[in-house]
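Presented below is the structure to which this report refers.
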Amino acid sequence: MVEYDPVLYSRILTGTTLGFHTIFATLGAGIPLLIALAEWIGIKRNDLHYHVLARRWTKGYIISVAVGVVTGTAISLQLSLLWPNFMEAAGHTIALPLFLETFAFFFEAIFLGIYLYTWNRFKSKYAHFLLLLPVFIGGGASAFFISTVNAFMNSPIGFNYENGILTNVNPIMAMFNPATPTKVTHVMASSYLTAAFIFASIAAFSIYRGRNHVYHKKALKLSMTVALAFAISTALIGDLSGKFLAQYQPEKLAAAEWHFETEKGATLIFAGSLDENNKISQAIEIPYALSILAHGIPGAEVIGLEEFPEEDWPPLIVHYYFDWMVTIGMFLALVSFVYFCMQYRGKWNECNKPLLSAIIAGGPLAMLAIEAGWFMAEQGRQPWIIRGVMRTAEAATTSNHVDTMLILFILLYVILAISIVIVLKRVFKASPLEKDLKKQGIE
Amino acid sequence: MSYELLGITVLWTFLYGYVIVASIDFGAGFFNYYTSITGKGPIVHKVIDRYLSPVWEVTNVFLIFFYVGLIGFFPSIAYYYGTTLLIPGSIATILIAIRGSYYAFHHYGPKKARWTQFLYGATGLLIPASLSTVLTVSEGKYIFVNNGNVSLDYRELFTSFYSWTVIILAIVSVLYISACFLTYYAHKAGDMEAFHILRKYALSWSLPTILASFLVFLSISHHNWEHFSGMLDLSWMFILSSLFFLGAVFLILKKQRLGLSFIFVMLQYAFAFYGYGAAHLPYLLYPYLSIYDGFTNEAMAIALIITFVAGLLLLIPSLYLLMRLFVFSNQYVQGKK
Ligand code: HDD
Ligand code: HEM
Ligand code: HEM
């Protein structure tokens with residue numbers, strides 16, 4: 001029997017809920033951009049295919065929103081139930097963006113409701129399109145605000161804390177802390193990237209299966225264009241995130257890179273394994289790359305884990321998460337780049353199965369990168385819940401029933417996951433593309 | 001007005017908003033299921049669906065708003081209630097999750113299955129029951145602090161008369177508020193068949209509502225005398241509340257001015273709700289936590305209040321637009337749009 005430890009179970013439960021929520025949150029923040037683009041192009045070019053595209057994407061989006069809403073509600077209540085001491089401290093210091101976030105939800109929810117039920121209610125087509133802007137802004141704003149909260153947990157500023165007493169709180173400073181710029185932009189860029197790749201993946205799959213309606217090609221082209229733009233920006237901002245870590249949270253970067261000794265011209269370690277003496281074997285080593293990631297200069301000094309007491313080290317498994325994220329990031333950028341070259345040179349042909357397969361894989365991989373990125377960011381913060389201020393173990397509930405709750409919630413998520421798949425299948429089976437096209441008066 | 005009082009008033013207003021919109025929603029879910037097993041489903045569903053579809057997500061946000069605001073203005077709440085309410089809180093969360101997602105699955109999916117309606121209907125009654133325990137617990141004598149450890153006495157909670165009367169009131173109110181609103185909505189839609197059915201529901205839930213309210217009054221006097229005497233000092237509010245109740249029922253009986261009758265229902269609950277809340281002050285949790293010792297720092301309070309005002313400026317026009325398009329638009333309500 002494992003001994004009951006509320007802290008451990010609380011961590012697992014939080015990670016499970018957030019890992020599940022982030023799937024829908026990422027889509028919820030990202031998809032409105034794609035729908036808006038499709039509807040806009042449709043109006044501009046007077047091309048009904050894009051109109052149908054926007055409608056079909058919306059059908060899937062709404063299911064994802066529903067699950068985003070309920071899992072988001074779950075995590076926000078859970079934060080108080082599992083981390084009462086943390087939430088008390090957070091209430092004093094970082095409540096502002098949490099509160100702002102609810103306004104963003106409100107705004108999004110209201111206009112999404114209107115958008116969904118007014119496809120043909122306005123005379124001007126632009127009027128309906130304009131309703132999507134608040135949805136897009138609301139989704140983006142909620143991702144923005146919640147990311148500042150998470151940024152605060154990584155680099156808390158804007159208050160004094162002595163002997164358990166908080167003074168001199170400055171909510172604006174707490175919100176715009178050093179982690180905010182890279183965190184917020186990386187999270188948002190990766191949401192758009194992921195949403196675009198998921199849609200590209202679906203379009204590519206249809207083409208792969210031999211459905212060569214021009215509709216699918218338009219869908220693919222639109223989503224791959226968005227994907228390329230955000231694959232590049234995600235990678236660039238990711239590089240800046242590395243520089244942020246090197247300066248403000250060096251232990252996280254060191255753990256992600258298995259970088260034990262402080263040195264100049266540091267080597268980047270890819271993959272590999274560790275023995276009990278922290279000796280690295282079978283890794284791919286790229287000289288100077290870590291110094292470049294951390295400071296942009298090959299000879300720069302990178303702080304190693306040796307500078308921190310061992311009990312303050314983050315778990316070293318985050319190394320693999322980091323590898324996954326970066327590898328997938330490179331892969332996505334490469335795939336969208338190749339697609340573009342082929343498109344541009346006119347050599348694109350829809351029978352190019354290898355490229356199609358790579359695009360199909362890209363959707364799920366992007367989501368995997370999101371998960372890997374968050375797990376690396378969150379576990380890399382351990383043992384702190386608010387870095388340098390409050391330890392995770394001090395923050396947790398002392399309740400005796402967290403394990404039972406964990407089981408209940410896992411059950412809930414499994415049921416939800418299965419239901420989503422079933423419902424999405426039914427929705428698109430009941431209204432196949434041909435039917436939707438016909439409704440709009442095209443073949 | 002002090003910041004503390006301003007903060008709690010704002011939050012209480014949002015909770016009131018949640019109670020009204022969520023009751024309509026929860027009750028509608030129940031009637032939806034109930035009518036489908038009694039064979040009257042097709043008549044009533046159209047009215048219910050037309051109203052609920054565009055607004056369900058907004059309902060949920062009211063709750064989040066209240067909760068997040070509470071943590072922001074009174075961070076110590078997280079400590080006291082968070083530690084003790086793990087089980088009821090988690091159960092309420094799961095119920096909310098099931099309800100929200102199955103509503104969406106049911107509604108946006110092509111096949112309408114009976115069992116999703118059941119889930120949707122049943123959770124609609126269980127959620128108010130489980131959420132109302134938070135108010136019950138706030139009355140004290142269930143939560144204890146020993147050597148800095150906070151704990152909840154479950155046995156006391158589940159065996160006390162007071163906590164059951166609150167649960168009953170919560171459920172009955174949900175059905176009453178919802179039926180009154182849907183009666184008005186059906187009338188507006190000109191759907192006379194649905195109107196007659198829903199009006200019957202509204203009338204039959206009116207008496208239980210008032211009985212349950214008296215029961216709660218009675219049991220509070222036993223459970224928490226201090227709160228009860230505070231309520232007696234505000235008895236004019238409760239008298240007004242009862243008068244609005246009579247007015248609402250009268251109009252529904254007469255089938256006249258149903259819009260006004262629903263406003264009466266809202267006023268009935270407003271007076272009772274604010275009366276209860278005002279008498280509860282200054283305590284957030286008897287006798288451990290008051291709005292004064294649990295309050296956030298001044299900088300945060302000001303930031304939150306500014307946000308709130310700015311947010312309202314954005315929200316009120318948007319909500320107005322939503323109402324215009326779906327609730328107060330005759331053409332939409334009647335199914336012409
Ligand atoms: C599609 C998703 C995706 C992709 C392709 C990438 N990332 Fe990422 N990354 C995320 C999705 C993500 C994320 C899920 O959004 C994280 C988790 C926490 C956060 O702030 O963003 C993240 C965090 C994160 C962090 C930690 C920040 C922190 O803890 O404060 C670093 C250093 C990087 N990323 C760096 C990169 C680099 C160098 C990439 C190169 C291609 C990269 N990411 C691609
Ligand atoms: C949505 C993407 C996110 C994912 C997948 C995620 C994942 C995780 C994981 C895996 C843990 C457990 C870490 C461990 O104990 O080793 C965790 C902890 C936690 N996360 Fe996140 N997280 C996400 C975003 C956020 C955000 C935006 C916040 C802040 C509002 C946050 C707040 C917390 C808290 C309070 C804990 C518990 C304390 C701790 O373990 O440090 N998370 N999360
Ligand atoms: C950084 C990771 C996160 C992102 C990007 C994110 C983003 C979003 C988005 C876009 C939605 C809207 C639902 C949708 O459109 O699908 C949503 C819902 C929600 N999220 Fe998250 N979220 C994150 C983490 C969190 C955390 C840590 C909390 C808890 C404090 C939280 C609380 C909520 C709540 C309460 C909702 C439901 C809102 C409603 O009722 O409409 N989210 N989230």
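Run residue B:149 past the list (1) at the interface with chain A (Cβ under 8 Å from one of its Cβ atoms); (2) more than 27 Å from residue B:227 (Cα to Cα); (3) out of contact with any helix residue (DSSP H, G or I) (no Cβ under 7 Å at 6 or more places or on another chain) and report the number of the one that doesn't hold.
(2)
Within segment A:211-221, can you find the residues that are surrounded by fewer than 24 Cβ atoms within 10 Å (Cβ to Cβ) and closer than 15 Å to residue A:356 by Cα?
Scanning segment A:211-221 gives A:211, A:212, A:216, A:217, A:218, A:221.
Please count how many residues of segment A:171-202 are within 16 Å of ligand 2 (Cβ to nearest atom), farther than 25 Å from residue A:375 by Cβ and open to solvent by 50 Å² or more (accessible area, probe 1.4 Å).
Final tally of qualifying residues: 1.
Is it the case that segment B:140-157 has a residue that's assigned to a helix (DSSP H, G or I) and within 24 Å of residue B:291 (Cβ to Cβ)?
yes
Go through segment B:142-195 residue by residue and tally those that are under 30 Å from residue B:35 (Cβ atoms) and touching a residue at least 24 places away in the same chain (Cβ under 8 Å).
Looking only at that region, the number is 29.
Before we move on, is residue A:244 aromatic (Phe, Trp, Tyr) and open to solvent by less than 30 Å² (accessible area, probe 1.4 Å)?
For residue A:244, the condition - aromatic (Phe, Trp, Tyr) and open to solvent by less than 30 Å² (accessible area, probe 1.4 Å) - is met.
Taking the condition of a type in the set (A, V, I, L, M, F, W, C) and touching a Phe, Trp or Tyr at 6+ places or on another chain (Cβ under 8 Å), does residue A:94 pass?
Against the criterion (of a type in the set (A, V, I, L, M, F, W, C) and touching a Phe, Trp or Tyr at 6+ places or on another chain (Cβ under 8 Å)), residue A:94 qualifies.
Applying the selection to segment A:421-439, what residues are more than 8 Å from chain B (Cβ to nearest Cβ) and of a type in the set (A, V, I, L, M, F, W, C)?
A:421, A:422, A:424, A:428, A:433, A:437
Looking at A:102, A:73, A:22, A:17, which one is free of Cβ contacts under 8 Å to residues at least 40 places away in the same chain, within 9 Å of ligand 3 (Cβ to nearest atom), farther than 21 Å from residue B:108 by Cα and open to solvent by less than 30 Å² (accessible area, probe 1.4 Å)?
A:102
Quick one: which helices (runs of 4 or more DSSP H) sit completely within segment B:224-337 and have at least 2 residues that are touching a residue at least 12 places away in the same chain (Cβ under 8 Å) and touching a strand residue (DSSP E or B) at 6+ places or on another chain (Cβ under 8 Å)?
Result: empty, no element qualifies.
Could you say which residue among B:144, B:161 is hydrophobic (A, V, I, L, M, F, W, C), open to solvent by 50 Å² or more (accessible area, probe 1.4 Å), in contact with a strand residue (DSSP E or B) (Cβ under 9 Å, 6 or more places away or on another chain) and away from chain A (no Cβ under 11 Å)?
Criteria check complete, one pass: B:144.
Which members of segment A:388-420 meet the condition of being among the acidic types (Asp, Glu) and within 12 Å of chain B (Cβ to nearest Cβ)?
Residue satisfying the conditions is A:403 alone.
From the residues in segment A:134-170 that are within 10 Å of ligand 3 (Cβ to nearest atom) and open to solvent by 50 Å² or more (accessible area, probe 1.4 Å), which one is farthest from the other protein chains (Cβ to nearest Cβ)?
A:144
The values are calculated or read from the model by the stated rules, or taken from the named source; none is laboratory data. From a predicted model like this one, the values you see are computed outputs, not experimental measurements. Positions of Cβ are backbone-derived with ideal geometry, glycine not excepted, and every protein chain shown enters the neighbour counts. These area figures cover heavy atoms from the full protein model, side chains too; ligands, DNA and RNA do not enter into them. Shrake-Rupley method; radii C 1.70, N 1.55, O 1.52, S 1.80 Å.
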